[in-house]
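Peer 1: I'd like to ask some things about the structure below.
The values are calculated or read from the model by the stated rules, or taken from the named source; none is laboratory data. A quick note: this is a predicted structure, and the numbers were derived from the prediction, not measured. Using ideal geometry, Cβ is built from the backbone for each residue, glycine included, and neighbour counts are taken over all protein chains shown.
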Amino acid sequence: MVGGKILVFPAGKGSTVGSYTLYRLAKAGKAPAAILNAECEPIVAVGCILGGIPCVDHIPIDRISTGDRLRVDGASGRVELWRENKISDR
């Protein structure tokens, strides 16, 4: 289940089905809250654009762990990470 969660992965790969899947998740109200990539590629980018899903790339994803709390502003490209009551910008 990805709905409402921030997905963090290095890069996408595949066919246009990936874009369509992100779009359909958005239409069904089950889309991720945001997507963070080390390097976003066209399949993921198109799906995010069509589905209105915030996406930020060139993120050092190796610094993010499962369960970390993040705040993503797709318009500015700003990502904030909360750890132990400490906020750091990415």
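Peer 1: Please tell me if Ile35 is at negative phi, of a type outside the set (Phe, Trp, Tyr) and not in a strand (DSSP E or B). Quick ask: steps written out before the conclusion?
Peer 2: Details: at negative phi: yes; of a type outside the set (Phe, Trp, Tyr): yes; not in a strand (DSSP E or B): no.
Taking the combined requirement at face value, the residue does not satisfy it.
This table checks each residue for (1) of a type outside the set (Ser, Thr, Tyr); (2) surrounded by fewer than 14 Cβ atoms within 10 Å (Cβ to Cβ); (3) in contact with an Asp or Glu (Cβ under 8 Å, 6 or more places away or on another chain).
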{"position": "Ile35", "(1), (2), (3)": "yes, no, no"}
{"position": "Cys40", "(1), (2), (3)": "yes, no, yes"}
{"position": "Val46", "(1), (2), (3)": "yes, no, no"}
{"position": "Gly51", "(1), (2), (3)": "yes, no, no"}
{"position": "Pro54", "(1), (2), (3)": "yes, no, yes"}
{"position": "Arg69", "(1), (2), (3)": "yes, yes, no"}
{"position": "Ser76", "(1), (2), (3)": "no, yes, no"}
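Peer 1: Please work out which one of (1) basic (Lys, Arg); (2) farther than 13 Å from Ile6 by Cα; (3) exposed (fewer than 13 other Cβ atoms within 10 Å of the Cβ) is the condition Arg24 fails and give its number.
Peer 2: All conditions are met except number (3).
The rows are residues; the columns are (1) of a type in the set (Lys, Arg); (2) at pLDDT 95 or above.
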| site | (1), (2) |
| --- | --- |
| Met1 | no, no |
| Ile6 | no, yes |
| Pro10 | no, yes |
| Ser15 | no, no |
| Leu22 | no, yes |
| Lys27 | yes, yes |
| Pro32 | no, yes |
| Leu36 | no, yes |
| Ile49 | no, yes |
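Peer 1: Being part of a helix (DSSP H, G or I) and aliphatic (A, V, I, L, M) is true for just one of Val79, Val17, Val72. Which residue is that?
Peer 2: Numbers: Val79 fails: part of a helix (DSSP H, G or I); Val72 fails: part of a helix (DSSP H, G or I).
Result of the check over Val79, Val17, Val72: Val17.
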